[in-house]
Amino acid sequence: MLNVGIVGASGYTGVELARILSTHPEVKLTAATSRKYAGQMLSEVFPNLRKRIDIRCENLSIDQLIDRADFFFTAVPHKTAMDIVPQLLDAGKKVVDLSADYRIHDAAVYEQWYQAHSSKHLLPEAVYGLPELYRDAINGCKLTANPGCYPTSVILALAPLLRHKLITTDSLIVDSKSGTSGAGRAASVSSLFCEVADGFRPYKVGGSHRHIPEIEQELSLLAETEVTISFTPHLLPLSRGILSTVYASLNHQGKSTDLQSLYEKTYSEEPFVRIMPSGNPPATQHVRGSNCCDIGIQIDERTNRVIVMSAIDNIVKGASGQAIQNMNLMNGFSETSGLMHAPFFP
């Protein structure tokens, strides 16, 4: 039995980690940190965990944490993670970090979009935690950088096209929509019910969203050339879910390729990627609460574009579920352990 700790258990990713881990056959949750709710039972903070999780939130020092578990999820904001992760690694622990602190390979690029990086020496060691691309590297590694939610949906949608060089890479347009849980649990006027309900709006328009360098990094590696995207996120009046729609121009080879068959073959052995039948687009309500990514492909003959659509639950495959998928790989468990529950519907 693996003893596991959640650093930052009182956010949406923290509670989702606890929910999924509560039925995981190989682990025991032995630490859950929270400054705000220290002293309270986690099931008091999140009543959905009653009779499922019996652990108290604590504000623990690193030295105290190290004694509590062998594996840690750091579900804390950017910058906070880079102050914690090095100490956990130095103590011989394994870590899945859910912040952006170790996702970007180039420290200069990270610092351009975020802030100064205090543990640059760990960037070459960190494995980008998208199992469908980096499963072999994740197996047995010490530090996994869990991908962002938008990047997960976009990278899985485009990977087959870029690997096989079937599209031009100079005109990629990514249009993504997310539920409000993506903004976190902290109080904010922009995520109040009356600000979100019955509305639909873009934000971070004009290439300013922090997930852009992460997406471009991974797409460039797939394409073996530098890729730049136009990315516009939108806020949906939903609690969960991301739907990304990607537009790409087909090259000569792409026009003559059966793209539906390509996607089906590419992801046929992937337990969490489901390719939609031709002509059936994915929908967020069909992945809700699951670690699934549903992908649909449509050709626009008139414009010579392929339209790839992907739907994920932003808190599960976009965060906590994928983190547990990575934990499974890092510790030699079945990759699907604790994650094979079907999406809930409606």
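The values are calculated or read from the model by the stated rules, or taken from the named source; none is laboratory data. Predicted, not measured: the structure shown is a model, and the values here were computed from it. In this analysis, Cβ positions are derived from the backbone assuming ideal geometry, glycine residues included, and neighbour counts consider all displayed protein chains. Areas reflect the complete protein model, heavy atoms only, side chains present, ligands, DNA and RNA absent. Shrake-Rupley method; radii C 1.70, N 1.55, O 1.52, S 1.80 Å.
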Some residue of the range 153-166 being open to solvent by 10 Å² or more (accessible area, probe 1.4 Å), under 19 Å from the mean Cα position of the chain (by Cα) and basic (Lys, Arg): no
Residue match in the range 213-222 (condition: in contact with a strand residue (DSSP E or B) (Cβ under 9 Å, 6 or more places away or on another chain), farther than 14 Å from SER244 by Cβ, in contact (Cβ under 8 Å) with a residue 60 or more places away in the chain and open to solvent by 20 Å² or more (accessible area, probe 1.4 Å)): yes
Among (1) of a type outside the set (A, V, I, L, M); (2) closer than 16 Å to THR13 by Cα; (3) modelled with pLDDT under 95, the one test that PHE73 misses: (3)
The range 275-307, residues that are open to solvent by less than 10 Å² (accessible area, probe 1.4 Å), in contact with a Pro (Cβ under 9 Å, 6 or more places away or on another chain) and within 18 Å of TYR263 (Cα to Cα): CYS293, ASP294, ILE295, GLY296
ALA38 vs. criteria outside any helix (DSSP H, G or I), over 24 Å from the mean Cα position of the chain (by Cα) and either touching a residue at least 12 places away in the same chain (Cβ under 8 Å) or surrounded by fewer than 16 Cβ atoms within 10 Å (Cβ to Cβ) (or both): yes
Entirely in the range 179-292, the helices (runs of 4 or more DSSP H) that have 3 or more residues that are among the aliphatic types (A, V, I, L, M) and within 26 Å of GLN112 (Cα to Cα): 212-223
Members of the range 74-111 that are in a loop (DSSP other than H, G, I, E, B) and of a type outside the set (A, V, I, L, M): PRO77, HIS78, LYS79, GLY92, LYS93, SER99, ASP101, TYR102, ARG103, HIS105, ASP106
Contacts under 8 angstrom Cβ, first residue in the range 333-346 being touching a residue at least 40 places away in the same chain (Cβ under 8 Å) and of a type in the set (Gly, Ala, Ser), partner assigned to a loop (DSSP other than H, G, I, E, B) and open to solvent by 40 Å² or more (accessible area, probe 1.4 Å), 6 or more apart: SER337/PRO25; SER337/GLU26; GLY338/THR23; GLY338/PRO25; GLY338/GLU26
Criterion: open to solvent by 80 Å² or more (accessible area, probe 1.4 Å), touching a residue at least 24 places away in the same chain (Cβ under 8 Å), over 30 Å from HIS105 (Cα atoms) and of a type in the set (D, E, K, R) - qualifying residue of ASP258, ASP198: ASP198
Answer from VAL174, VAL205, VAL127 - the residue that is among the β-branched types (Val, Ile, Thr), loosely packed, with under 14 Cβ neighbours inside 10 Å and in contact with a strand residue (DSSP E or B) (Cβ under 6 Å, 6 or more places away or on another chain): VAL205
Residues that are polar (S, T, N, Q), in contact with a helix residue (DSSP H, G or I) (Cβ under 7 Å, 6 or more places away or on another chain) and either outside any helix (DSSP H, G or I) or surrounded by fewer than 18 Cβ atoms within 10 Å (Cβ to Cβ) (or both), drawn from the range 308-346: SER310, ASN314, SER334, SER337
